[in-house]
1. I need every pair where a residue in the stretch A:1-12 that is more than 13 Å from chain B (Cβ to nearest Cβ) has its Cβ under 7 Å from the Cβ of a residue that is assigned to a loop (DSSP other than H, G, I, E, B), sequence separation at least 6 or different chains.
2. Taking the stretch A:18-40 as the search range and keeping residues that are among the β-branched types (Val, Ile, Thr) and part of a loop (DSSP other than H, G, I, E, B), which one is farthest from residue A:59 (Cα to Cα)?
3. Would you mention how many residues in the stretch B:1-21 are assigned to a loop (DSSP other than H, G, I, E, B) and either surrounded by 14 or more Cβ atoms within 10 Å (Cβ to Cβ) or more than 10 Å from chain A (Cβ to nearest Cβ) (or both)?
4. State which residue is surrounded by the fewest Cβ atoms within 10 Å (Cβ to Cβ) when the search covers only the stretch B:22-49 and only residues that are among the β-branched types (Val, Ile, Thr) and more than 9 Å from chain A (Cβ to nearest Cβ).
5. For the stretch A:101-111, which positions are surrounded by fewer than 20 Cβ atoms within 10 Å (Cβ to Cβ) and within 14 Å of chain B (Cβ to nearest Cβ)?
6. Are any residues in the stretch A:42-64 within 14 Å of another protein chain (Cβ to nearest Cβ) and touching a Gly at 6+ places or on another chain (Cβ under 8 Å), and if so, which ones?
7. Taking the condition of being under 13 Å from residue A:11 (Cβ atoms) and in contact with a Ser or Thr (Cβ under 8 Å, 6 or more places away or on another chain), how many residues in the stretch A:87-111 meet it?
8. Checking the structure you have, find out if any residue of the stretch A:93-100 is touching a residue at least 12 places away in the same chain (Cβ under 8 Å) and more than 9 Å from chain B (Cβ to nearest Cβ).
Amino acid sequence: DAKTTQPTSMDCAEGRAANLPCNHSTISGNEYVYWYRQIHSQGPQYIIHGLKNNETNEMASLIITEDRKSSTLILPHATLRDTAVYYCIVRVVQAGTALIFGKGTTLSVSS
Amino acid sequence: EAGVAQSPRYKIIEKRQSVAFWCNPISGHATLYWYQQILGQGPKLLIQFQNNGVVDDSQLPKDRFSAERLKGVDSTLKIQPAKLEDSAVYLCASSLSTGTQYFGPGTRLTVL
């Protein structure tokens, strides 16, 4: 079973920041937090991952709380093309560990 | 860099027929995964290969599903015979041994 809890759906206005929360209260010390998204009729797309420090790349920022029990994915300026299902996944980075997906958060960006 | 390639993109078959899906991973990626995604759910791992060896096939319905990865590159997933409940998107992903997984576009299977 997935070790994360996410809201079922969220709405965001185009151009505004989208903040997607994720709870992972049972995360272990060697587990990373990964975020993927899945746009309709496409395969999941990797966004970002982190262990305990905040991370930023060209797509998004990942904020992980100090106790690592929750995190937030931030899309700084959401566009209509960011409408997708966003999955938060915790994973041990070692050979033989696949991703365990939950149901994710459906983000709807509107103009 | 080319991504993960999958074919066909869509397949419609009748129950009890057989079907095969093909995946070509990103060049140099030793680990290959097949996932099944039923409508409205997240993807679920079916089988994982490291080079041409199976790492995890615990969730593969072995009475009807089989997969191989000859020469440690391309992989084929087969269903024989198909059931109605096999209707799903079949996703292939690849990674360096412990790294980030990258997914292909998937094959949408409809079993009538």
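The values are calculated or read from the model by the stated rules, or taken from the named source; none is laboratory data. Source: prediction; values computed, not measured. Cβ atoms come from the backbone with ideal geometry, glycine included; neighbour counts cover every protein chain shown.
1. Every condition considered, the pairs that remain are A:12/A:78.
2. Step by step, filter the stretch A:18-40, then rank; the result is A:26.
3. Residues flagged as assigned to a loop (DSSP other than H, G, I, E, B) and either surrounded by 14 or more Cβ atoms within 10 Å (Cβ to Cβ) or more than 10 Å from chain A (Cβ to nearest Cβ) (or both) within the stretch B:1-21 amount to 10.
4. B:38
5. Residues satisfying the conditions are A:102, A:103, A:106.
6. The answer is A:42, A:43, A:62.
7. Matching residues across the stretch A:87-111 total 5.
8. no
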